[in-house]
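The values are calculated or read from the model by the stated rules, or taken from the named source; none is laboratory data. Since this is a predicted model, take the numbers as computed values, not measurements. Cβ: placed from backbone, ideal geometry, glycine included. Neighbour counts: every protein chain shown.
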Amino acid sequence: MSINFPLLLVVAVAVCGALALFDLIFLAPRRRAAIASYQGQVGEPDEAVIDRLNKEPLLVEYGKSFFPVLAIVLVLRSFLVEPFQIPSGSMKPTLEVGDFILVNKFAYGIRLPVLDTKIIEVGDPQRGDVMVFRYPSDPNINYIKRVVGLAGDHVAYSSDKQLFINGQAVAQQLLGEEPGSLGSVTLYNERLGDIEHQIRKEMTRYRVEPGREWVIPEGHYFMVGDNRDNSNDSRYWKDPQIPQPLWGMVPDRNIVGKAFAVWMSWPDPKSRNLPNFSRVGLIK
């Protein structure tokens, strides 16, 4: 069962805030009145008694202590920057398994937490951006891919694994074999819009039916992984055995944010290997 962390965070902030407000309006005045009454009844008030009368209930004390911390986390995570860890190799060589990345939450508009309703327009995804979004078939799962097609684009994927956008081949430059491969994996430089990045192809493997074409509907994006033959993405529009769409385009409402940096890498936290910072840098 997946945990809806944003919802839990919002609930926690609401509960802690309610406790703090309840104390401010109802409990704190009672404590002050009790202290004033005690001081009026004795000549020399005992500080220990005053401290006891002024003591907050334990639940209120915890709520008031956690509220500012949780509120700051909510604002940062919902509107500014959110961290993610890369769980698979679908974006190799750009992102490796275990990379910890930072995602800009306001690059594509300010959205309300949990509801994900856009309330302020800031910008739109551009071709070549690396974007985090909620998986169309299961919005509880976050995916990360590269934006290839925008609304109105005609995207094609040929039998020789070449992307075409609006009839134009996406520029690619062969770099050579991937270090450590057996010769079937090759690396290319690819340019999408203003973004130049590397992609990975396994020349003997074909996971996508060749000759496929798509037209991107309004308010949707066509997403593809940089590890072209090991990526579950928008190219898997339909499965012959499944009548309904299997994957498809990503609607604007599913957008989480723009991935912009790797800040740490830890491929296997269960092993004795420590986190490393050799891959720290901006994401192209």
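Among the residues of the stretch 222-259, the one identified as of a type in the set (Lys, Arg), crowded, with 17+ Cβ neighbours inside 10 Å and modelled with pLDDT under 90 is Arg235. Would the stretch 19-26 turn up any residue that is farther than 24 Å from Val148 by Cα, in the same structural domain as Phe133 (by TED's automatic domain parsing) and not hydroxyl-bearing (Ser, Thr, Tyr)? Scanning the stretch 19-26, I find no residue that is farther than 24 Å from Val148 by Cα, in the same structural domain as Phe133 (by TED's automatic domain parsing) and not hydroxyl-bearing (Ser, Thr, Tyr), so the answer is no. The set of residues in the stretch 113-134 being of a type outside the set (Lys, Arg), surrounded by 14 or more Cβ atoms within 10 Å (Cβ to Cβ) and out of contact with any helix residue (DSSP H, G or I) (no Cβ under 8 Å at 6 or more places or on another chain) consists of Asp124, Pro125, Gln126, Gly128, Asp129, Val130, Met131, Val132. Only a single item in (1) of a type in the set (A, V, I, L, M, F, W, C); (2) over 30 Å from Glu121 (Cβ atoms); (3) free of Cβ contacts under 8 Å to residues at least 24 places away in the same chain is not met by Ile72, and it is number (2).
This table checks each residue for (1) farther than 19 Å from Trp214 by Cα; (2) out of contact with any strand residue (DSSP E or B) (no Cβ under 6 Å at 6 or more places or on another chain); (3) at pLDDT 95 or above.
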{"site": "Asn104", "(1), (2), (3)": "yes, no, yes"}
{"site": "Lys118", "(1), (2), (3)": "yes, no, no"}
{"site": "Pro139", "(1), (2), (3)": "yes, yes, no"}
{"site": "Arg146", "(1), (2), (3)": "no, no, yes"}
{"site": "Ser159", "(1), (2), (3)": "no, yes, no"}
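When the stretch 205-221 is filtered for residues that are at pLDDT 85 or above and aromatic (Phe, Trp, Tyr), the ones remaining, listed by number, are Trp214, Tyr221.
Residue under question is Val49, and the condition is that it be part of a helix (DSSP H, G or I), touching a residue at least 12 places away in the same chain (Cβ under 8 Å) and out of contact with any His (no Cβ under 6 Å at 6 or more places or on another chain); does it hold?
Working: part of a helix (DSSP H, G or I): yes; touching a residue at least 12 places away in the same chain (Cβ under 8 Å): no; out of contact with any His (no Cβ under 6 Å at 6 or more places or on another chain): yes.
For Val49, the condition - part of a helix (DSSP H, G or I), touching a residue at least 12 places away in the same chain (Cβ under 8 Å) and out of contact with any His (no Cβ under 6 Å at 6 or more places or on another chain) - is not met.
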